[in-house]
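One structure below.
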Amino acid sequence: MMEEVRKRLKEAKKVVVLTGAGISQESGIPTFRGRDGLWKNYKPEELATPEAFRRNPQLVWEWYNWRREIIRKAEPNPAHLALVELEKRYPFFYLITQNVDGLHQRAGNKNVLELHGNIWRNFCFECGKEYRGEITPQVPRCECGGYIRPGVVWFGEPLPADVLRKAWEVSAQAEVFLVIGTSGVVQPAASLPLVAKEHGAWVVEINPQETALTPWVDASLRGTACQLLPEIVKGG
Ligand code: OAD
């Protein structure tokens, strides 16, 4: 199967990648749906919502502080670096990510589409004014008096429309589409591999476990991103 993936990649000119929390797991950043994703017994789904922030902004803020501390100390791993190598090979390459940790950009990827925002950006919950995503003990307030929130997309909120449009458009053009380290249960991101497939792409999943997308993909490589991606990319 590894050989087939390498052969398909060699023949392709248009490659699109979708990543999820699993690619940063080996950088020490907990995934959302694993046991290690839990913080003080809260599920991410209970914290990453506008309702949760409205109810208890300080609690949600502290969860993001916890995540920012981990992300700040984390480094891009060999899987991130393999994707930088891959980008250099193709005239058409897009890396669509659900991650908010910024590690793909820190690794050196250029064409990154952040579907769920970035944890190092903040904006005012009331007026939308933008701020840097800093770690402060108390939820900061905007000039307008509103609370400042993390610049990430929460459950129940729309994705940034221009980013989603572009992601949809490039997915439809992909010849090979890699799905890496995502459980494939959060929409609309989880539809992108299917859009690619509908338009003729060969879709391969890289994940140590079965996912909601497994029945739909053309191939599944079972292993971690750091075990498999450097191997896929090795030797051109
Ligand atoms: P999940 O936590 O749902 O899924 C992580 C996936 O990574 C699982 O399928 C794991 O099997 C896999 N995995 C774990 N370790 C891995 C490794 N070392 N290498 C490769 N794969 C590994 O994370 P996402 O699918 O990214 O949304 O979650 C999607 C969205 O739900 C997130 O962007 C976030 C969350 O709520 C928002 O914040 C809006």
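See the values below:
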| quantity | calculated |
| --- | --- |
| Residues that are in a strand (DSSP E or B) and either in the same structural domain as Gly37 (by TED's automatic domain parsing) or under 13 Å from the mean Cα position of the chain (by Cα) (or both), drawn from segment 179-214 | Val179, Ile180 |
| Filter result (among the acidic types (Asp, Glu) and either assigned to a loop (DSSP other than H, G, I, E, B) or within 12 Å of the ligand (Cβ to nearest atom) (or both)) within segment 123-161 | Glu126, Glu134, Glu143, Glu157 |
| Single unsatisfied condition, Asn118 versus (1) out of contact with any His (no Cβ under 9 Å at 6 or more places or on another chain); (2) in a strand (DSSP E or B); (3) crowded, with 21+ Cβ neighbours inside 10 Å | (3) |
| Segment 175-191 residues that are among the small types (Gly, Ala, Ser), paired with ones that are more than 8 Å from the ligand (Cβ to nearest atom) and in a loop (DSSP other than H, G, I, E, B) (beta carbon under 6 Å, 6 or more apart) | Gly184/Ala212; Gly184/Leu213 |
| Condition met for Glu87 (in the same structural domain as Ser220 (by TED's automatic domain parsing), surrounded by fewer than 15 Cβ atoms within 10 Å (Cβ to Cβ) and more than 16 Å from the ligand (Cβ to nearest atom)) | no |
| Selection status of Tyr64, outside the structural domain of Val170 (by TED's automatic domain parsing) and either among the hydroxyl-bearing types (Ser, Thr, Tyr) or farther than 18 Å from Phe32 by Cβ (or both) | yes |
| Flag for Glu45 being modelled with pLDDT under 95, of a type outside the set (A, V, I, L, M, F, W, C) and in a helix (DSSP H, G or I) | yes |
| Conditions (1) free of Cβ contacts under 8 Å to residues at least 40 places away in the same chain; (2) closer than 17 Å to Phe53 by Cα; number of the one not met by Gln138 | (1) |
| Filter result for Glu205 (crowded, with 21+ Cβ neighbours inside 10 Å, charged (D, E, K, R) and modelled with pLDDT of 95 or more) | yes |
| Meets criteria (more than 12 Å from the ligand (Cβ to nearest atom), surrounded by 21 or more Cβ atoms within 10 Å (Cβ to Cβ), touching a residue at least 60 places away in the same chain (Cβ under 8 Å) and assigned to a strand (DSSP E or B)) for Leu95 | yes |
| Test: residue in segment 18-36 that is in the same structural domain as Gly133 (by TED's automatic domain parsing), modelled with pLDDT under 95 and part of a helix (DSSP H, G or I) | yes |
| Residue count, segment 48-64 (criterion: surrounded by 21 or more Cβ atoms within 10 Å (Cβ to Cβ) and assigned to a loop (DSSP other than H, G, I, E, B)) | 1 |
| All positions within segment 199-212 that are touching a residue at least 12 places away in the same chain (Cβ under 8 Å) and either at negative phi or not small (Gly, Ala, Ser) (or both) | His199, Ala201, Trp202, Val203, Val204, Glu205, Ile206, Asn207, Pro208, Gln209, Thr211, Ala212 |
| Scope segment 131-153; condition within 26 Å of Val186 (Cα to Cα) and at pLDDT 95 or above; matching residues | Ile148, Arg149, Pro150, Gly151, Val152, Val153 |
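The values are calculated or read from the model by the stated rules, or taken from the named source; none is laboratory data. Keep in mind the model is a prediction, meaning the values are calculated, not measured. Counting neighbours? That spans all protein chains shown, and the Cβs are built from the backbone with ideal geometry, glycine included.
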